[in-house]
Amino acid sequence: MNRLIRADQRLYPIVALLAAVVLWQLVVSLADVPMYILPSPLDTANALFEDFGVIVGHVGTTLYESVVGFLLSIALAFALAILMDSFAVVKKSLYPILIVSQTIPTIVITPILIIWFGFGLLPKVLVIVMVCFFPICISLVDGFEKVDRDYVNLFRSFKSSKLQTFLHLKLPYAMVNFFSGLKIAATYLIMSAIISEWQGGTKGIGVYMVRAKSAYALDKVFASILVIVLISIVLISLINWIGRRATHWR
């Protein structure tokens, strides 16, 4: 029964997506819309096929930046979340600052980082960390806070140390929140890398999109968007798969 329900849940969005693609193709074909205004799905697929080798090269650079930035975001989020959970003064001092930091537009910070650190890997990784770090850190902090007090008192009654309580109670308890934060961060991961590449870079899918847009090759722009969507879906699916196995006790 559960398998039938899951299959039913997947069927509706797939059918809706296919219907939207067919409608898109019909509108472009029947209205004879020029490619430089709106390419059809077939034009997009053809551009992806023709430029596949070039796109893969640019995607490799973007993925490298994304993976490095994502891993640094996770490490930094864990370190700060543990500090905020362990010391109330740290949380009271930093939590409001973290909230305020998210009101600064990424597209404004990126040029400044490029001025400071050049057009290499570092500013792009820093942008990714700025975008992805926050949801992971806040999710972990909330997860640590929501541990049932009865469990905490039980651990205290057995004279568990803070480290034992953290490793065997708080950390497993917060894993559900952690993977929720990872999924939120993953939705912004590729986007933040592309924004940083738009502002300045020599290689990456964002650079490819800017060049295609400047040449009015919208079919190539749409092809790169399709690749970005597919990569994001794969990342979120991978996180879901790991999350289900890491929190199997749920």
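Since every read-out is calculated from the coordinates, none of them should be taken as a lab result. Note that the structure is predicted; figures quoted are calculated from it, not measured. Virtual Cβ from ideal backbone geometry, glycine too; neighbours counted across all protein chains shown.
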Could you order peptides 93-100, 165-172 by the average number of other Cβ atoms within 10 Å of their residues, highest first? 165-172, 93-100
Using the eigenvalues of the Cα gyration tensor, what equivalent ellipsoid semi-axes result for segment 34-105 when each is taken as the square root of five times the eigenvalue, whole Å, largest first? 44, 17, 8
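With only alpha-carbon atoms in the gyration tensor, what are the semi-axes of the equivalent ellipsoid for the chain, in Å, largest first?
Output for the chain: semi-axes of 41, 25, 14 Å.
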As a check on your grasp of the helix formula, calculate [θ] at 222 nm for the chain: sum -39500 (n - 2.57) over DSSP H runs of n ≥ 4, divide by the residue count, round to the nearest 500. -28000 deg cm²/dmol
With springs only between Cα atoms under 10 Å apart, run a GNM on the chain and tell me which of D150, D43, D85 wobbles the most. D150
Taking the Cα centre of segment 153-250 as origin, sum charge times position over the Cβ atoms of Lys and Arg (+1) and Asp and Glu (-1), and report the length of that vector in debye to the nearest 20. 520 debye
Taking only Cα atoms, what is the 0 to 90° angle, nearest 10, from helix 205-214's long axis to the longest principal axis of the chain? 30 degrees
If every Lys and Arg gets +1 and every Asp and Glu gets -1 at its Cβ, then about the Cα centre the chain yields a dipole, in debye to the nearest 20, of 1100 debye
To test your reading of the geometry: what angle, between 0 and 90 degrees and rounded to tens, separates the Cα axis of helix 52-86 from the longest principal axis of the chain? 20 degrees
Rank by packing, highest mean first: peptides 76-82, 173-179, with packing defined as the count of other Cβ atoms within 10 Å averaged across residues. 173-179, 76-82
Give the residue from F87, V28, L76 lying farthest towards the positive end of the charge dipole for segment 1-137; charges sit on Cβ (+1 for Lys and Arg, -1 for Asp and Glu) and the dipole is referred to the Cα centre. F87
Note the angle between two axes, namely the Cα long axis of helix 171-199 and the longest principal axis of the Cα atoms of the chain, as a number of degrees from 0 to 90, rounded to the nearest 10. 30 degrees
